[in-house]
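Below: the structure, in structure tokens.
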Amino acid sequence: MNKNLSQRTDESLMNDQLTVKKLQFNFKKNREQDQTEALDTCARNFNYEACKNQYWNIEECSLLYATPLWQQATEEQKILLNQLYWVAYYAQIISAEIATIFFNQTASAGLYGIEDFRLVCETLDFESMQERAHIDAFKKISEEVEEKLFGKRLFTYSMRPYFHETMIYQDTNKLRLMWKRFQLQSYALLSSSNAFIASQYLTVRGLRTLNGKMIQHKLSQFSLDGQELHTQPIPSQVSYHHFLDESFHFNSSHLIGSEVVKTLKKPTKFEAFVANMGVAGSLKDHSQFNICVNGIFWYEPALFQTIYELLRTPYFNFSHSEALDMMRRCFCEENEAIHRSFSTHQTAKESYIQYLHNLSYINPQNLAGGKMQETSIAGYLHKNRLAFDHFSRKKAA
């Protein structure tokens, strides 16, 4: 096609040939190295009995690692906590990827009205296909583990729509849930009809995956005495295959959210306002940290009931009072796990600030880290102590 005819507006991806080449290379390599078949095979072949006595992650990637519970746990209990980290971590990833699939499509709809954006849209379409395979593998393995161990769900959940809270353990209530749903549905409408707002979903997606990339790299590198990948537990193999896909997804998030956006018109005040709302929401979602799953920014008190139920199972066999005392020691008294998780949170905050630094429309509050600036160990302990007193009284009633 004649180049002059194909570029009928000033807003064309072809105006930035360097970014086009980067996108083409990333998309090509992602298709060539697509892990969908490997993940489907892992999901089909998973058998908990075959790997129930093995670590699935490096030791520090264990539920409640470095807490008083971990320090007194038997080897069998530590293996269980290591496996439950995998289940809990990827339960959160499922929630995020459900939203990703939906907003990939609204972003494509918003961008496809601009000249020559087919490459971006097809990249997002392909990634959505991969996300479905990720979700399927995580769900099949996690649900089988919890069914075998407990006969019920602890960290897993049935499929949910995109407009639920992305963070599955959040400081929320019915009113906040309704407001969050309204915001997400409104954003979906805006992003599907506005190219700049559509591109900003990828900015937010890239921001949210920065810390995930760090944690998932640790999970993907797990090995047992230098064994070959195919000899490792299937959940460990899934972590490896998933990380390979997500590495390309992070690249496309960065390219679309930070580079492609430069080919669009300068945002209006309203568009910049919406973009900053999205970033502020992400920073607020990540303003908590927890010691149950270091690397996921859940609100710790929302996990109290789940952890209480875990401690009361035959695997730990705590009495009611013993379970509450252990939880108090873990969540309400300063310990190594709290410092480890806070350090992860601060590393994430600094990487978010660096990521946003070159975007001219980001406001000063977001550039400084937004709500993540307010996070502290003292604040964490204060919230936990108040919430735990309330939780204990409810359990005693």
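The values are calculated or read from the model by the stated rules, or taken from the named source; none is laboratory data. Quantities reported herein were computed from a predicted structural model and do not represent experimental measurements. Cβ coordinates were reconstructed from backbone atoms using ideal geometry, including for glycine residues, and neighbour counts include every protein chain displayed.
When the residues of the range 81-104 are narrowed to those that are over 25 Å from Asn335 (Cα atoms) and aliphatic (A, V, I, L, M), which ends up surrounded by the most Cβ atoms within 10 Å (Cβ to Cβ)?
Among residues in the range 81-104 that are over 25 Å from Asn335 (Cα atoms) and aliphatic (A, V, I, L, M), the one surrounded by the most Cβ atoms within 10 Å (Cβ to Cβ) is Ala91.
Counting just the residues of the range 55-73 that are surrounded by fewer than 18 Cβ atoms within 10 Å (Cβ to Cβ) and either part of a helix (DSSP H, G or I) or among the aromatic types (Phe, Trp, Tyr) (or both), which one comes out nearest to the chain's Cα centre (by Cα)?
Gln71
Tell me the residue from Tyr85, Tyr90, Tyr55 that is among the hydroxyl-bearing types (Ser, Thr, Tyr) and within 10 Å of Cys292 (Cα to Cα), please.
Tyr85
If you take the residues of the range 362-397 that are of a type in the set (A, V, I, L, M, F, W, C) and in contact (Cβ under 8 Å) with a residue 60 or more places away in the chain, which of them is nearest to Pro68 (Cα to Cα)?
Phe388
Return the residues of the range 43-54 that are assigned to a helix (DSSP H, G or I) and either of a type in the set (Lys, Arg) or within 21 Å of the chain's Cα centre (by Cα) (or both); say none if nothing qualifies.
Those that are assigned to a helix (DSSP H, G or I) and either of a type in the set (Lys, Arg) or within 21 Å of the chain's Cα centre (by Cα) (or both): Ala43, Arg44.
Give the residue, chosen from Lys152, Lys148, that is free of Cβ contacts under 8 Å to residues at least 60 places away in the same chain, within 26 Å of Lys52 (Cβ to Cβ), surrounded by fewer than 17 Cβ atoms within 10 Å (Cβ to Cβ) and among the charged types (D, E, K, R).
Lys152
Of the residues Lys78, Lys29, which single one is at pLDDT 95 or above, over 29 Å from Ile114 (Cβ atoms), of a type in the set (D, E, K, R) and surrounded by 13 or more Cβ atoms within 10 Å (Cβ to Cβ)?
Of the residues listed, the single one that is at pLDDT 95 or above, over 29 Å from Ile114 (Cβ atoms), of a type in the set (D, E, K, R) and surrounded by 13 or more Cβ atoms within 10 Å (Cβ to Cβ) is Lys78.
Quick check: anything in the range 284-293 at pLDDT 95 or above, among the aliphatic types (A, V, I, L, M) and part of a loop (DSSP other than H, G, I, E, B)?
Scanning the range 284-293, I find at least one residue that is at pLDDT 95 or above, among the aliphatic types (A, V, I, L, M) and part of a loop (DSSP other than H, G, I, E, B), so the answer is yes.
Check off (1) in contact (Cβ under 8 Å) with a residue 24 or more places away in the chain; (2) within 21 Å of the chain's Cα centre (by Cα) for Leu359 and give me the number that stays unchecked.
With (1) in contact (Cβ under 8 Å) with a residue 24 or more places away in the chain; (2) within 21 Å of the chain's Cα centre (by Cα) applied to Leu359, the lone miss is (2).
I'm told Phe318 meets every condition in (1) among the hydrophobic types (A, V, I, L, M, F, W, C); (2) under 20 Å from Glu60 (Cα atoms); (3) not in a helix (DSSP H, G or I) except one. Can you identify the failing condition by its number?
Every condition holds for Phe318 apart from (2).
Find all pairs meeting these conditions: Cβ atoms under 9 angstrom apart; at least six residues apart or on different chains; first residue within the range 273-302 and under 18 Å from Leu219 (Cα atoms); second residue of a type in the set (Lys, Arg).
If the second residue must be of a type in the set (Lys, Arg), the pairs left are Ile291/Arg340; Asn294/Arg340; Gly295/Lys218.
Being among the aromatic types (Phe, Trp, Tyr) and surrounded by fewer than 21 Cβ atoms within 10 Å (Cβ to Cβ) is the filter here; which residues of the range 241-276 pass it?
Once the filter is applied, which keeps residues that are among the aromatic types (Phe, Trp, Tyr) and surrounded by fewer than 21 Cβ atoms within 10 Å (Cβ to Cβ), the range 241-276 yields Phe243, Phe250, Phe270, Phe273.
Given the options Glu143, Glu131, name the one that is within 30 Å of Thr313 (Cβ to Cβ), out of contact with any Phe, Trp or Tyr (no Cβ under 8 Å at 6 or more places or on another chain) and assigned to a helix (DSSP H, G or I).
Glu143
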